[in-house]
Amino acid sequence: MDLRVIVTIPKVQEAKEDGKPFTFYMMNVTVDGAHRDVTVVPRRYRDFEQLYSELAALFPQVFDPKKNPNPPSLPGKKWWGNMGAAVVEDRRQKLQNFLGECLECVRSVGATWVTGGGAQIQGHHDV
């Protein structure tokens, strides 16, 4: 079965953990196949860092700059002023682009996508 996976980050939500503010990037994951499913998934920047590490290990031909001159990349980490509206919006856009590039790369190598929950999506992956 062919599946079409679309990931967008239309909004963010601020939260606090132990009194420290952070940002949730609210991902909309749409999977078109036999049924159309939309899931909202909140993620922090560190979750994207972990995803990057896992994908780089699984797909070195895509993420290694020595093998791919233009690999998908995360926006840089900002230690001070990372909660400003302009910084959060810039990061939101760059994270959405990163996810789109990842889906495109996985589609282009014809790989099997394995999510953290153990579900497998095989077949055609459009962005």
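Overview of values
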item	result
Filter result (of a type in the set (D, E), open to solvent by less than 80 Å² (accessible area, probe 1.4 Å) and under 17 Å from the mean Cα position of the chain (by Cα)) within region 53-89	E89
Residue list for region 38-62, restricted to those being within 20 Å of V5 (Cα to Cα) and either outside any helix (DSSP H, G or I) or touching a Cys at 6+ places or on another chain (Cβ under 9 Å) (or both)	V38, T39, V40, V41, P42, R43, L51, Y52, L55, F59, V62
Top-ranked residue of region 33-52 - restricted to ones that are under 11 Å from the mean Cα position of the chain (by Cα) and hydrophobic (A, V, I, L, M, F, W, C), ranked as least open to solvent (accessible area, probe 1.4 Å)	F48
Region 90-112 - residue that is farther than 24 Å from K16 by Cβ and open to solvent by less than 50 Å² (accessible area, probe 1.4 Å) and, of those, modelled with the lowest pLDDT	A111
Number of positions in region 75-89 that are at pLDDT 90 or above and part of a loop (DSSP other than H, G, I, E, B)	1
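The values are calculated or read from the model by the stated rules, or taken from the named source; none is laboratory data. Quick caveat, the model's predicted, so the values are computed rather than measured. Virtual Cβ from ideal backbone geometry, glycine too; neighbours counted across all protein chains shown. The area values use the complete protein model at the heavy-atom level, side chains included, leaving out ligands, DNA and RNA. Shrake-Rupley method; radii C 1.70, N 1.55, O 1.52, S 1.80 Å.
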